[in-house]
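K.L.:
Starting off with a structure, shown below.
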Amino acid sequence: MKFEVTILGSGSSLPTVNRNSTAQFVECNNRYFLIDCGEGTQIQLRRFKVKFQKIDVILISHLHGDHFFGLPGLISSMHLLGREKKLQIVGPRELEGLIRPLLDIGGNTLNFELEFIGLNYPEHSLVFEDKKVKIHCFPLKHRIPTHGYLITEKAPEFKLNKAAFDEHQLRLTDIPKIKRGEDITAPNGQVIPNHELVFPKKAERKYAFCSDTKYNESMLEHIRGVDLLYHEATFIDEHKARAKQTFHSTAADAAAIAKAANVKVLLIGHFSPRYNTLDAHYNEAKEIFSPVLLADDGLVMKI
């Protein structure tokens, strides 16, 4: 099943002609999520041919404008284009009070249900789950309450090893138990360990999104071993004093977190517009951790 991340915006507070404000589209097992929604996100969705009516849940990390100012316009466009499917928005508990008045003032009633799920910082909690995907939020350390998100593909049931099943002359009624991972007692009274009756499961794939944050080792327990880690890297080491002042990270900070968490791949973004080139970001991070990739608008990462 497909698990992909499309970068819609890779810049920081000021959008430029080359980089939009933060937004990412995630497809996981035919579930569709938008993470953050900076100004102009709906244009980026069109630009990169993402059908935004597919979006099931929007995850907002915090209430700095470059991470949510695109929401009212996107919701309005969904309404005008005839959306009927429910839309869930997860984010700081104050978000609903900001967005609903903007939608209500025009006097139009949405065609679809809009559900806000409010987070209380610094909680770590399950914010979405169905049969195929689960999403947790976890606290970051920024100037205002901010959460990261962990999207996990839920492993499917165990696949039955029919040859082993037949060899032990098990009953058809045992199959659901076997697929759930249970040991089985055969008709002769022998207990058959589950691992002898199934094929090994594929490992769960995981994507962690770490929005604006200063260097923060407390996040390690939530992102350890993920397949892909996105971590902001607004500054380079030359401007680490500015990073500390604004509660942001350097490329070296992001790489240190990736190394400590033993992730498979690091993707850095949220670049300050002060930099004409990202060579220094890449080189600083690569000295500490590899592989490292630079986020760019339109980049698609397969997990």
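K.L.:
Which of the residues spanning the range 249-303 are among the charged types (D, E, K, R) and more than 16 Å from Glu232 (Cβ to Cβ)?
P.N.:
Hits for the range 249-303 are Lys259, Lys264, Asp279, Lys286, Glu287, Lys302.
K.L.:
Go through (1) closer than 30 Å to Phe25 by Cβ; (2) out of contact with any Gly (no Cβ under 6 Å at 6 or more places or on another chain); (3) open to solvent by less than 10 Å² (accessible area, probe 1.4 Å); (4) of a type outside the set (D, E, K, R) and name the single condition Phe209 misses.
P.N.:
(2)
K.L.:
Quick test for you: out of Leu74, Leu45, pick the one residue that is closer than 22 Å to Tyr207 by Cα and crowded, with 17+ Cβ neighbours inside 10 Å.
P.N.:
Leu45
K.L.:
If you go through the range 62-105, how many residues are farther than 23 Å from Thr146 by Cα and in contact with an Asp or Glu (Cβ under 7 Å, 6 or more places away or on another chain)?
P.N.:
Counting residues in the range 62-105 that are farther than 23 Å from Thr146 by Cα and in contact with an Asp or Glu (Cβ under 7 Å, 6 or more places away or on another chain) gives 1.
K.L.:
Taking the range 264-286, which residues are crowded, with 22+ Cβ neighbours inside 10 Å and outside any helix (DSSP H, G or I)?
P.N.:
Across the range 264-286, the qualifying residues are Leu266, Leu267, Ile268, Gly269, His270, Phe271.
K.L.:
Can Glu115 be described as surrounded by fewer than 13 Cβ atoms within 10 Å (Cβ to Cβ), under 21 Å from the mean Cα position of the chain (by Cα) and touching a residue at least 24 places away in the same chain (Cβ under 8 Å)?
P.N.:
Considered against the rule, which asks whether it is surrounded by fewer than 13 Cβ atoms within 10 Å (Cβ to Cβ), under 21 Å from the mean Cα position of the chain (by Cα) and touching a residue at least 24 places away in the same chain (Cβ under 8 Å), Glu115 comes out as yes.
K.L.:
Please go through the range 127-177 and give me each residue that is among the polar types (S, T, N, Q) and open to solvent by less than 30 Å² (accessible area, probe 1.4 Å), ordered by number.
P.N.:
Thr146, Thr152
K.L.:
Test each condition in (1) open to solvent by less than 80 Å² (accessible area, probe 1.4 Å); (2) touching a residue at least 60 places away in the same chain (Cβ under 8 Å) for Gly91 and report the one that comes out false.
P.N.:
Here Gly91 meets the rest and fails (2).
K.L.:
Still on this structure, I have one more. Among the strands (runs of 3 or more DSSP E) lying completely within the range 59-157, list those that include at least 1 residues that are in contact with a strand residue (DSSP E or B) (Cβ under 6 Å, 6 or more places away or on another chain) and of a type in the set (D, E, K, R).
P.N.:
Those strands (runs of 3 or more DSSP E) span 114-119, 133-139, 147-153.
K.L.:
If you don't mind, another one. Only one of Ile58, Ile75 is over 22 Å from Phe247 (Cβ atoms), at pLDDT 95 or above and in contact with a Cys (Cβ under 7 Å, 6 or more places away or on another chain); which?
P.N.:
Within the list Ile58, Ile75, the selection yields Ile58.
K.L.:
Quick check: anything in the range 27-47 aromatic (Phe, Trp, Tyr) and under 21 Å from Leu293 (Cα atoms)?
P.N.:
No: the range 27-47 contains no residue that is aromatic (Phe, Trp, Tyr) and under 21 Å from Leu293 (Cα atoms).
K.L.:
Further, regarding this structure: Please count how many residues of the range 158-204 are part of a helix (DSSP H, G or I) and among the aliphatic types (A, V, I, L, M).
P.N.:
5
K.L.:
Filter the range 8-28 down to residues that are closer than 15 Å to Gly70 by Cα and of a type in the set (A, V, I, L, M) and give me whichever is most open to solvent (accessible area, probe 1.4 Å).
P.N.:
Step by step, filter the range 8-28, then rank; the result is Leu14.
K.L.:
Ok, one more. Residue under question is Arg31, and the condition is that it be modelled with pLDDT of 95 or more, open to solvent by 10 Å² or more (accessible area, probe 1.4 Å) and within 18 Å of the chain's Cα centre (by Cα); does it hold?
P.N.:
So Arg31 fits the description; yes.
K.L.:
Here's something else I'd like to know. Regarding Asp227, is this residue closer than 26 Å to Asn18 by Cβ and not aromatic (Phe, Trp, Tyr)?
P.N.:
no
K.L.:
Under 6 Å between Cβ atoms, which residue pairs at least 6 apart in sequence (or on different chains) link something in the range 236-258 that is open to solvent by 10 Å² or more (accessible area, probe 1.4 Å) with a partner that is of a type in the set (Gly, Ala, Ser)?
P.N.:
Pairs found: Ile236/Ala251; Ile236/Ala280; Asp237/Ala252.
The values are calculated or read from the model by the stated rules, or taken from the named source; none is laboratory data. All values reported here derive from a predicted model rather than from experimental measurement. Quick reminder, even Gly has a Cβ in these numbers, built from the backbone with ideal geometry, and neighbours come from all protein chains shown. Heavy atoms of the whole protein, side chains included, go into the accessibility calculation; ligands, DNA and RNA do not. Shrake-Rupley method; radii C 1.70, N 1.55, O 1.52, S 1.80 Å.
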